[in-house]
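Engineer: I have a structure here, written as structure tokens, and I will follow up with some questions on it.
The values are calculated or read from the model by the stated rules, or taken from the named source; none is laboratory data. Everything numeric here is computed off the predicted structure, so don't read it as measured data. Here the Cβ is made from the backbone with ideal geometry for all residues, glycine too, and neighbour counts use every protein chain on show. We work out accessible area using only protein heavy atoms, side chains counted, and drop any ligands, DNA or RNA first. Shrake-Rupley method; radii C 1.70, N 1.55, O 1.52, S 1.80 Å.
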Amino acid sequence: MYAAQSLRRVDVHVTLIDRRNFHLFQPLLYQVATGGLSPADIASPLRGILARQKNVRVLQGEATAIDPAQQRVRVGERWLEYDFLIVATGSKHHYFGNQQWAHHAPGLKTIEDALTMRRNVLSRFEQAEREGDPQRRRALLTFVIVGGGPTGVELAGAVAELAKHTLKNNFRSIDPATSEILLLEATDRVLSPYPQVLSAKAKKSLQRLGVTVQCDTLVKHVDDDHVVIAQDDGETIVPTYCVLWAAGVTASRFGGQLAKALDVERDRSGRIQVAANLTIPGHEEIFVCGDLAHLQQDGQPLPGLAPVAMQQGAYAAKVIRNRLRGRTTSPFHYRDWGMMAVIGRAAAVAQMGPLRLGGFFAWAAWLFIHLINLVEFENRISVLIQWAWNYITRNRSARIITNDQPRPQIADNDDVAGDDVDRREEQQSSSV
């Protein structure tokens, strides 16, 4: 989308293909999952965003195949020819060879995922309210978040605030404040890409909210009513009916098809190796951006973050514009404006260049940056009002349980290259 917008004054015809009819701001999905925001607050119709850009047409559909020799992409039953192709199909959940866990531990990449999480979390409180068995009630009020990266930390903090503050006095048979929130991380600290001092601050902030942080902890098994975890002193069974997955991602199914068609290398996460100008070596007309691209900068691969994808989309458009004008373009360089993670009310950690912030100032910076990165002004106003109301009242107004139906079983297959399982997942999401 950022590439399309950056080509608005260029004499080209742009076709934007997406399975959905909206742009989604994924960094705030966790707030939809915990009832803080509604889906419409962080999603905007693509046709509305690009309505005034006459050189762009939007097609809702799924790219299912690519023919690089003929320079065309298949969408449904139709082949679309291209002079330049920008592929930014993102990533999906990664269960490290245990795809069957998806049935019990939903991830967070789409609005459907967020609504599933919201349903699972809120339903556990409802079930606990009518449960007479103390042990089962305790398991219902135990929430396990797997993965101590930014998504896992933000989820844990939001669930803790929901239980400890938002739901206060909402129930008669249970006290939501007695809920146990466990955050499991396989490495030795949460937010491992951040400086150690910020990781320590994040852990302390989570603990103040009542979150139990367990590092050096591996998940061995996930089932309907328990999780098996492994630490140095052995394995432990944790009774729980709510597991939220934030432990890893892998490249999209179409990324696997693209790599196979072009016979190019991919990394362990399925991302495609790209040149310094984001093209695939030997195919200067094909750009790969966002979570699907593997590009080294300063000796490290660029992270799968929204700012990286946004800058790469604009850069790909710049390369196309310069080529049409007979100009060269310097290699892509990501401008890192910082890493941030919010933990709770007036609590966050942020690294912006040499600055390392924690507490209120990091939280305020996080609010500002996320607000300005929302695509439409209407969304910014809506989210700002919701955040202000939440800050004053601690209320999360979008606590609605929808589609209270069991999730269909997913086959045990986690092929990075993408397979029929991915297609079934997408069809299931569409049916939701």
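Engineer: Given 0.36 nm per residue, what is the gain on full extension from Ile17 to His333 after removing their alpha carbon distance, in nm?
Structural biologist: 111.1 nm
Engineer: At 0.36 nm per residue, and after removing the present C-alpha to C-alpha distance, how many nm does the segment from Leu80 to Val10 gain when stretched out fully?
Structural biologist: Additional length available on full extension: 23.2 nm.
Engineer: Quick one: Cα convex hull volume of segment 251-402, Å³ per residue?
Structural biologist: Looking at segment 251-402, the number lands at 174 Å³ per residue.
Engineer: Membrane-span-like helices in the chain: DSSP H runs reaching 15 Å or more (Cα, own axis), mean Kyte hydropathy at least -0.5?
Structural biologist: Length and hydropathy pass: 150-161, 306-324, 360-373, 377-393.
Engineer: From the phi angles alone, apply the Karplus equation (6.51, -1.76, 1.60; θ = phi - 60°) to segment 28-34 and give each ³J(HN,Hα) in whole Hz, x where the residue is Gly or Pro.
Structural biologist: 9, 4, 4, 6, 5, 5, 10
Engineer: Can you list the HN-Hα couplings for segment 62-70, worked out from phi with the Karplus curve (6.51, -1.76, 1.60; θ = phi - 60°), rounded to whole Hz and with x for Gly and Pro?
Structural biologist: 10, 6, 10, 7, 9, 10, x, 5, 8
Engineer: Between beta-carbons, use under 13 Å as the cut-off and find the net charge around Val75, counting Lys and Arg +1, Asp and Glu -1.
Structural biologist: Neighbour charge sum, excluding Val75 itself: 0.
Engineer: Ok, one more. So who's got an amide H within less than 5 Å of the one on Val249, skipping anything under 5 residues away but keeping other chains? H placed 1.01 Å off N, in plane.
Structural biologist: Those qualifying (amide H under 5 Å, at least 5 residues apart or on another chain) are His94.
Engineer: Moving on to the next point. Residues in segment 249-272, backbone N under 18 Å from the label point at Ala65 (7 Å along the Cα-to-beta-carbon vector): list them, ranges by number please.
Structural biologist: 253-263
Engineer: Across the chain, how many lysine pairs, 8 or more positions apart or on different chains, have C-alpha atoms separated by under 20 Å? Please give the number.
Structural biologist: Eligible lysine pairs with Cα atoms under 20 Å apart amount to 5.
Engineer: Please report, as a whole percent, how much of the solvent-accessible surface of the chain comes from carbon and sulfur atoms (probe radius 1.4 Å).
Structural biologist: That fraction is 49 percent.
Engineer: Roll a 1.4 Å probe over the protein chains and send me the accessible area per residue for the chain in Å².
Structural biologist: In whole numbers, the chain has 48 Å² accessible per residue.
Engineer: Additional query: Would you mind putting 185-195, 169-179, 322-332 in packing order, based on average other-beta-carbon counts within 10 Å, highest first?
Structural biologist: 185-195, 169-179, 322-332
Engineer: Along the charge dipole of the chain, which of Val146, Pro45, Phe125 sits closest to the positive end, that is, farthest toward it, with unit charges on the beta carbon of Lys, Arg, Asp and Glu (+1, +1, -1, -1)?
Structural biologist: Pro45
Engineer: If you average the C-alpha positions of segment 356-371 and of segment 138-212 separately, how far apart do those two centres end up, in angstrom?
Structural biologist: 19
Engineer: Here's another thing I want to ask about it. Estimate the FRET efficiency between Gln214 and Ser123 by the formula 1/(1 + (r/R0)^6), using the beta-carbon distance for r and 30 Å for R0, to the nearest 0.05.
Structural biologist: 0.75
Engineer: Another question, if that's okay. Between Arg74 and residues 5 or more places away or on another chain, which pairs have amide H atoms under 5 Å apart, with H built 1.01 Å from N, and which residues are they?
Structural biologist: When sequence neighbours closer than 5 places are left aside, the close amide H contacts are Thr64, Ala65, Ile66, Asp67, Leu80.
Engineer: Considering only the other residues whose Cβ falls under 15 Å of the Cβ of Val274, what net charge follows from Lys and Arg at +1 and Asp and Glu at -1?
Structural biologist: Around Val274, the charge tally is -4.
Engineer: As a test of reading the structure, rank His294, His221, His104, His13 by solvent-accessible area (1.4 Å probe, protein chains only), most first.
Structural biologist: His13, His221, His104, His294
Engineer: Non-local amide H neighbours of Arg189 (under 5 Å, H modeled in plane, Pro and chain starts lacking H): which ones?
Structural biologist: Amide H to amide H, under 5 Å and 5 or more residues apart or across chains, Arg189 pairs with Asp216.
Engineer: Once you have the Cα-Cα distance between Ala388 and Glu376, take 0.36 nm times their residue separation minus that, and quote the gain in nm to one decimal.
Structural biologist: 2.5 nm
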